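Working notes for the structure below.
Rule-based calculations on the coordinates, nothing more; no lab input. As the structure is a computational prediction, the values presented were derived from the model and not from experiment. Using ideal geometry, Cβ is built from the backbone for each residue, glycine included, and neighbour counts are taken over all protein chains shown.
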């Protein structure tokens, strides 16, 4: 929820103050305060295929296909792709969420 009145009311309540939310909302509206638009999510896709690590990647192909791929050094190409038609974009293959705990 991106409502400045509710956020401010919660902050004031945490400090021990109580203000009716309707009074706070009216004051914010009267002052012309608006909430900032949310920041756009950063894309996980990288379109510089030459920058991809030569390991496992998540690869984007044409027609909306997303697949796991890995570099084939002897053939100098990505698995599931030809040299002439490399991935359109790539993303890092994520680590397991408990990787550090498992070590």
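Remarks
- Once C-alpha pairs closer than 8 Å and six or more residues apart are averaged by separation and normalised to the residue number of segment 49-95, the relative contact order reads 42 percent.
- In this entry, segment 55-103 is assigned a mean projected area of 4.3 nm², taken as a quarter of its C-alpha convex hull surface.
- Inter-site label distance for residue 75 and residue 91 at 7 Å from Cα along Cβ, in nm: 2.5
- Neighbour-count ranking [beta-carbon atoms within 10 angstrom, fewest first] of 85, 96: 96, 85
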